[in-house]
Amino acid sequence: MIISMKLHATPQEVEEVCKQVEAFGYKVHSIQGEERVVIGVVGLGDVTACLESVEAMLQVENVVRISAPYKFVSKEFRAARTLIRVDGKEIGGREFAVMAGPCSVESEEQILRAAEGVARAGAKFLRGGAFKPRTSPYEFQGLEREGLKLLQKAKRATGLAIVTEVMSDRDVAVVAEHADIMQVGARNMQNFVLLKALGKCGRPVLLKRGLSSTVKELLMSAEYVVAHGNSEVCLCERGIRTFETATRNTCDICAVPVLNEMTHLPVIVDPSHATGKRSLVPALCRAAVAIGADGLLVEVHPAPEKAFSDGAQSLNIAQFEKMMQDLQPYLRLWQEARKTEAAELASAAKP
Ligand code: PEP
Ligand code: MN
C-alpha cells in the first residue's frame, strides 16, 4: 500500500498517519518527494481495514493498494513515466538519451578525444569508468580519483553530463561530487549496502541488470534505492548469462517492453556489454530504439585497438558517428511514438 500525503502536510501530520498504520501491525517507510511525502506500507495484516482508516484521515490525499513487492517502482504506484532531468538533459522524456564513451578513463588525451567525438556525433552524456570492476585482479583497475577529475575536465570542455560507476558505498560521496549519474555495475546490482547509500547520494542512478538476475530482482534492487530516498533511477539491460557463446552476453531485448509494463522507470540498453563485439552494436542500437528504450549506453574509444578494457566491443569515433546518422530515421519514429503516447495519456486523464 502507498499513501500520498496532501501537498503541504506537516511532519506532525505525516507522523500521525505513520502511527495509525503501525497500529495495524504494518511497517512504514516515508519518502520526501519533490512535492509531497509518500508513505510505503509493508507487512502482513488487514489491508482493507488499514486502507479505509487511513483514507479517512484529512491530511491524506489518496491511498493505493499495491500487490507487487517492488512498490515504489511499480506501474501501479505511478502510471506515467519517470522523467529524470540532469544537467539540462532528459532521460525518460521526449528526448532519446545517448550516453557514450570509453569503458575506462585512461588518460586526459583519451577522455578528451572521446568526449569531443561523441558530443559532435550527438551524444548528451559521457560514460567512462574511473573505478573499474574487473574479473581479474591483474587487469587495469581504473584511475579512480584521478579519473573522476579527468571526467570533470571533459565535461567542462564539452558540456556533456557524466555517467560513471561507483563500486563501493565508501566512494559514494567522492563519485557524487564528480558525476551527474551514478552507475551501478552488473556485478554490484545486489550490493544492498551500496544501493542504500545511493538512496541518499543526491544524484540519479543508472542501475545495470546483474549477469544472472531476473527482471524482478532488478526491480527489487531499484526499489532499494527509491525506498531509501532517491526516486531518480534508470534501469539498464546489458545482457545476461545464457548457454549462448556467440556473443559475450545475451541481450534480453524483450526486457525493455517487459519493464515498460512493470515499471515507470526509464530503461537504457547497453549494446556493448550485451554483445562484446563492435560489429553487432549498431544493429542492437536500432533494436533498442525500435522497441521503446529510453536511451543507449555505448562504448566508444578514440583508438579501440589500444583500449585498456573492452576494446573489442568499442566503436571508434567514425563508427559511432555513422551509427548515430543511421539511427536518425529510427529516432524520428521513436519521437512520434512518444508524442502519440503523451497525447493518449492526456486524453485518458480527461474526465
Ligand atoms: C561498464 O559499463 O564498463 C561495465 C563494467 O559494465 P557491466 O557492469 O554491465 O559489466
Ligand atoms: Mn566496459
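The values are calculated or read from the model by the stated rules, or taken from the named source; none is laboratory data. Everything numeric in this text was worked out from a predicted model, so none of it was measured. Note that each Cβ is placed from the backbone with ideal geometry, even for glycine, and that neighbours are counted across all protein chains shown.
A few comments on the model shown:
- A single entry from S314, S213 fulfils the requirement of being in contact with a strand residue (DSSP E or B) (Cβ under 8 Å, 6 or more places away or on another chain), within 14 Å of ligand 1 (Cβ to nearest atom) and farther than 24 Å from L126 by Cβ: S213.
- Filtered residues of the stretch 290-313 (kept if touching a Phe, Trp or Tyr at 6+ places or on another chain (Cβ under 9 Å) and farther than 14 Å from I111 by Cα): A290, G292, A293, D294, G295, L296, L297, V298
- The one condition in (1) at pLDDT 95 or above; (2) among the aliphatic types (A, V, I, L, M); (3) surrounded by 17 or more Cβ atoms within 10 Å (Cβ to Cβ); (4) more than 30 Å from R134 (Cβ to Cβ) that L83 fails to fulfil: (3)
- Whichever residue in the stretch 206-218 is touching a residue at least 24 places away in the same chain (Cβ under 8 Å) and surrounded by fewer than 23 Cβ atoms within 10 Å (Cβ to Cβ) and, among such residues, is nearest to ligand 2 (Cβ to nearest atom): L211
- Scanning the stretch 271-279 turns up at least one residue that is within 16 Å of ligand 2 (Cβ to nearest atom), within 17 Å of the chain's Cα centre (by Cα) and closer than 23 Å to E116 by Cβ.
- Criterion: more than 16 Å from ligand 2 (Cβ to nearest atom) and of a type in the set (A, V, I, L, M) - qualifying residue of A342, A307: A342
- A49 in contact with a strand residue (DSSP E or B) (Cβ under 7 Å, 6 or more places away or on another chain), more than 18 Å from L315 (Cα to Cα) and of a type in the set (G, A, S): no
- The stretch 44-79: number of residues that are surrounded by 15 or more Cβ atoms within 10 Å (Cβ to Cβ) and either closer than 24 Å to A222 by Cα or basic (K, R) (or both): 13
- Conditions (1) surrounded by 14 or more Cβ atoms within 10 Å (Cβ to Cβ); (2) farther than 29 Å from V73 by Cα; (3) among the polar types (S, T, N, Q); number of the one not met by S272: (2)
- Among the residues of the stretch 182-205, those identified as buried (at least 18 other Cβ atoms within 10 Å of the Cβ), of a type in the set (A, V, I, L, M, F, W, C) and either more than 20 Å from R145 (Cα to Cα) or within 16 Å of ligand 2 (Cβ to nearest atom) (or both) are V184, A186, M189, L195.
- Taken over the stretch 102-137, the residue count meeting the criterion of being assigned to a loop (DSSP other than H, G, I, E, B) and without any contact (Cβ under 8 Å) to a residue 24 or more places away in the chain is 3.
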